[in-house]
1. Mind running the shape call on region 242-354? Use the C-alpha gyration tensor, a ≥ b ≥ c as the square roots of the eigenvalues: rounded below 1.5 for a/c, prolate if a/b tops b/c, oblate otherwise.
2. Taking square-rooted eigenvalues a ≥ b ≥ c of the alpha carbon gyration tensor, is region 292-429 rounded, prolate or oblate, where a/c under 1.5 means rounded and, failing that, a/b exceeding b/c means prolate?
3. With respect to the cross-link table entries 200/296; 164/197; 31/71; 269/331; 197/512; 425/463, which display a Cα-Cα separation exceeding 18 Å?
4. Under a 1.4 Å probe, what is the accessible area of region 23-157 per residue, stated in Å²?
5. Quick one: if the Förster radius is 30 Å, what FRET efficiency do residue 161 and residue 185 give, using the C-beta to C-beta distance and rounding to 0.05?
6. On full extension of the chain, what length is gained from residue 220 through residue 72, given 0.36 nm per residue of separation minus the C-alpha to C-alpha distance?
7. Farthest toward the dipole's positive end in region 23-157, which of 78, 148, 120, given Cβ charges of +1 (Lys, Arg) and -1 (Asp, Glu) about the Cα centre?
8. What residue among 368, 321, 341 has its Cα farthest toward the positive end of the dipole of region 288-394, where the charges are +1 on Lys, Arg and -1 on Asp, Glu, each on the Cβ?
Amino acid sequence: MEVDGRDFLNTPLVKTVRFGGSVAETLAKHKLGDSSDYELLKHQLADPDIKDAQIVSWLQEFRSCVTQLTKDHEQLIYTVLKLPWVGRSQAVVEEYMAFLGNLVSAQTVYLCACLKMVVFHFTPNLPRNFDQCHRALQLITRYVPSTSRFLMPILQENFPFIQKSSRTLECYVHNLLRVTVYIPSIRRDILEVIIGKMLKLDVSASRSDIEEAEEKAVQNQRSEEQTEEGLFDMDEDVQADQPSRTAVMAHPVAERLDTLMAVLMAYIKDFCHVNGSLHVERTKELYRDLWGVFDKLILPTHGSCHVQYTLFYLCSFRLALAEAFLDHLWKILQSPSQPAILRQAAAGYLGSFLARARFIPVVTVRACLDLLVSWIHRYIDDQDKSGRQACCDISLHGPFYTGCQAVFYTLIFRHRAMLEGNMKKGLEYLQSLNLERVVMCQLNPLKVCLPSVTSMFAAITRKYQVVFCYTIIERNNRHVLPVVRSSAGGDCVTTNTNPLDSFFPFDPYLLKRSGQLIEPFYQVWEELVDTELLPAKTGQQVKDEDDFLCGEMPQMEGIVGMTPGSYDSNIRSPSSVGSPSTLVIFCYRTVIYDI
């Protein structure tokens with residue numbers, strides 16, 4: 001049966017009837033001990049099929065008696081806060097906003113409940129609904145100036161589990177960053193929460209795991225194409241589908257991290273630019289906030305591959321920011337009051353940033369090398385003056401060795417730029433660094449630095465006759481550490497080739513979508529072409545150097561384990577564009593160090 005074009009039998013009733021008295025009458029009865037209408041009111045408010053007109057009517061009545069809604073009516077207010085107002089008609093939204101304003105101004109005891117209700121809607125939803133949530137949050141902030149103090153713990157507690165979908169994490173992070181626009185006082189705290197969660201994703205997806213997943217995905221795609229080739233002509237379909245397939249990371253954790261990195265870097269760009277032009281003051285404010293988060297979370301985290309690129313990207317906007325970042329790292333490295341592990345990490349960041357940041361001019365690279373090399377020479381002078389026999393001890397001289405490795409690593413990547421234009425002046429500068437004294441000192445940095453870095457530095461300095469390292473390298477090779485049994489079990493163990501636990505934080509960026517923002521500013525490894533100038537090598541030495549140029553770790557049978565059950569010590573560095581390999585052996589290797 002149809003009435004007015006509707007199926008009468010299958011159409012639900014339009015609810016226009018409400019039971020019980022008004023809200024004021026119900027509250028009065030409840031105060032006298034009669035709770036029948038009170039419970040009926042809560043039941044009607046919890047109806048999932050409640051109509052817009054009913055919601056507006058109820059809210060208007062609640063507004064008229066908001067002063068009576070004390071903590072005794074907590075359950076009733078919680079029911080009202082659960083009303084489905086987001087995405088409803090404009091009348092419902094406006095009335096709900098008015099109710100929230102009245103409630104938090106008259107009954108501040110419900111402030112946290114109102115904040116939790118708004119934050120609950122930060123998960124996947126329509127953009128229009130997000131706008132309504134932020135309107136509500138701004139309204140609450142206007143009525144209660146201390147909102148930020150109560151909001152931050154709620155934002156942290158409601159952060160989705162990192163194993164949730166990329167879309168869920170993306171929406172929540174997007175909304176958190178949007179909060180910083182109108183509540184700037186908690187911007188640093190919000191960035192700290194976001195970056196802390198991203199670091200957990202980052203360290204749980206190693207470079208080798210991401211690369212292996214990508215390789216398998218490429219192989220599977222090729223096999224699928226070969227299978228389809230004999231059946232149908234799918235060239236047009238494959239080409240049309242290619243961009244979307246290649247933009248997604250094969251590793252699920254890397255895909256979530258890529259999504260969040262893209263959101264965060266888009267925020268950094270939008271925040272720092274106004275009408276397409278860089279806003280210097282806003283950029284400085286954001287840099288100071290990220291600087292604080294870097295010191296607290298990123299710098300002490302060993303093994304992160306991508307999150308630190310947020311600062312790399314920000315520094316690309318203005319040279320002064322990059323110089324400030326370098327100065328900050330330098331102060332940490334040369335400060336005896338800092339923990340040795342942080343000084344070593346700062347040296348790793350310093351060398352990696354100088355080597356990989358294309359936007360850093362040669363004059364800045366030279367200024368940093370002057371500081372580093374001068375500090376290294378002073379360190380050697382102090383050891384010579386002490387009168388004691390200096391020994392190659394990483395636990396005592398860790399910052400010194402990482403500082404030396406930072407110099408070697410920077411010269412490997414930037415020596416061509418330093419010699420271009422005026423070869424004579426470039427060579428005079430390199431000779432003025434007196435690197436020969438560094439490599440020949442009793443502390444013997446060539447013995448401790450990564451073999452891949454040592455060999456490439458020796459090849460380059462020999463080519464330009466700056467330093468001759470091969471005699472020292474051969475002597476070090478004859479005095480290798482003794483073979484020991486692996487703590488993980490088994491007899492097939494060799495010496496530790498990475499005693500410094502070297503970490504190059506700006507090794508090649510592996511994430512696809514967010515990586516498009518990094519690529520224009522990134523210095524890739526350029527292979528040496530004058531191989532005939534290198535001294536004759538054994539077959540194994542040639543293979544190891546080729547592995548460095550290709551970004552692969554020389555194959556080893558094992559490595560010294562530092563703790564029982566330490567997993568997979570043979571961790572490769574990125575295979576995309578060459579970079580020294582990274583082996584992790586310290587027992588504190590997993591996540592974030594407490595300072």
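1. Verdict is oblate for region 242-354.
2. It is oblate, given that a/c is not under 1.5 and a/b is not larger than b/c.
3. Values: 200/296 14 Å; 164/197 12 Å; 31/71 13 Å; 269/331 28 Å; 197/512 20 Å; 425/463 16 Å.
As for pairs spanning more than 18 Å Cα to Cα, those are 269/331; 197/512.
4. For region 23-157, the solvent-accessible area averages 48 Å² per residue.
5. 0.65
6. Value of the extension gain: 47.0 nm.
7. Final value for the positive-end residue is 148.
8. Sorting the options by dipole projection puts first 321.
The values are calculated or read from the model by the stated rules, or taken from the named source; none is laboratory data. If you're wondering where the values come from, they're calculated on a predicted model, not measured in any experiment. Quick reminder, even Gly has a Cβ in these numbers, built from the backbone with ideal geometry, and neighbours come from all protein chains shown. When the accessible area is computed, the model is the full protein with side chains, heavy atoms only, and any ligands, DNA or RNA have been set aside. Shrake-Rupley method; radii C 1.70, N 1.55, O 1.52, S 1.80 Å.
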